[in-house]
Amino acid sequence: MSQHRYTARCSWRGSTAAGYEGYERGHAASAPPAEAQLQLASDPAFRGDPRLLNPEQLVVMAAASCQLLAFLAVAARARIDVLEYDDEAEGLMPEDDRPVRITRIALRPRIVVAAGPTEERVRRLVQTAHRECYVSNSLRSAIEVVPSVSFR
């Protein structure tokens, strides 16, 4: 049986001696063998730098990216010519629902395909991609996919 392994590194340097209000939230993250390194911080609501990505955004981004990649794969296997795919994803994290967590992620892909397939077929492939998305299958958050499909 095959198994995929993913690694990630996070690094922070500083001091928490001044208490919760006084330490730097900025840190670096990477995922070898990829060369890119991200500079991250906590959400601004938790005293983070709003100019930097935060872990909650990365969770939403991972769900959106995985759905995009899964859809392109199922569409390509179905010989459907996808021309554009844009998503404005949103994650919700209510503070009054303990334990605090991202409870819902809404994916709203706008998909443009070449003429040929029916809209119903494209929508079915979106749902197939959702069932095959590794990230969605790994999260406890409710993930809703509401596509908009157009043809060119």
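The values are calculated or read from the model by the stated rules, or taken from the named source; none is laboratory data. Source: prediction; values computed, not measured. All Cβ positions, even for glycine, are placed from backbone atoms using ideal geometry, and neighbour counts span all protein chains on display. Only protein heavy atoms, including side chains, enter the accessible area calculation; ligands, DNA and RNA are left aside. Shrake-Rupley method; radii C 1.70, N 1.55, O 1.52, S 1.80 Å.
For the range 93-115, taking the residues that are touching a strand residue (DSSP E or B) at 6+ places or on another chain (Cβ under 8 Å) and surrounded by fewer than 13 Cβ atoms within 10 Å (Cβ to Cβ), the one that is farthest from H4 (Cα to Cα) is identified as A115. Against the numbered list (1) assigned to a loop (DSSP other than H, G, I, E, B); (2) over 26 Å from R25 (Cα atoms); (3) touching a residue at least 12 places away in the same chain (Cβ under 8 Å), R101 comes up short only at (2). Figure legend. Inter-residue proximity from the range 121-148: first residues farther than 19 Å from L83 by Cα, second residues part of a loop (DSSP other than H, G, I, E, B), beta-carbon distance below 7 Å, spacing 6+ or different chains. Indicated pairs: S141/I102; S141/T103; A142/T103. The residue of the range 46-92 that is least open to solvent (accessible area, probe 1.4 Å), among those that are under 26 Å from E119 (Cβ atoms) and of a type in the set (D, E), is D87. Restricted to the range 128-138, and to residues there that are of a type outside the set (G, A, S) and open to solvent by less than 70 Å² (accessible area, probe 1.4 Å), the residue that is nearest to the chain's Cα centre (by Cα) is V135. In summary, H130 fulfils each of the numbered conditions (1) in a loop (DSSP other than H, G, I, E, B); (2) over 30 Å from E24 (Cα atoms); (3) of a type outside the set (A, V, I, L, M) with the single exception of condition (1). Cβ-Cβ contacts under 7 Å between residues 6 or more apart (or on different chains), taken from a first residue in the range 73-89 that is in a helix (DSSP H, G or I) to a second residue that is among the polar types (S, T, N, Q) and open to solvent by 40 Å² or more (accessible area, probe 1.4 Å), are absent. Evaluation of S141 against the conditions (1) at pLDDT 95 or above; (2) open to solvent by less than 40 Å² (accessible area, probe 1.4 Å) shows that the sole unmet condition is (1). Of the residues making up the range 11-39, those that are hydroxyl-bearing (S, T, Y) and under 17 Å from L52 (Cα atoms) are S11, Y23, S30.
Only one of (1) acidic (D, E); (2) modelled with pLDDT under 95; (3) more than 28 Å from C10 (Cα to Cα) fails for E84. Which number is that? Going through the list (1) acidic (D, E); (2) modelled with pLDDT under 95; (3) more than 28 Å from C10 (Cα to Cα), E84 breaks only (2). Annotation for the range 55-70: no member residue is assigned to a loop (DSSP other than H, G, I, E, B) and more than 19 Å from R140 (Cα to Cα). Within the range 1-40, the set of residues being basic (K, R) and either open to solvent by less than 70 Å² (accessible area, probe 1.4 Å) or more than 25 Å from I102 (Cα to Cα) (or both) comprises R13, R25.
Of the numbered criteria (1) touching an Asp or Glu at 6+ places or on another chain (Cβ under 7 Å); (2) surrounded by 18 or more Cβ atoms within 10 Å (Cβ to Cβ), the one D43 fails is (2).
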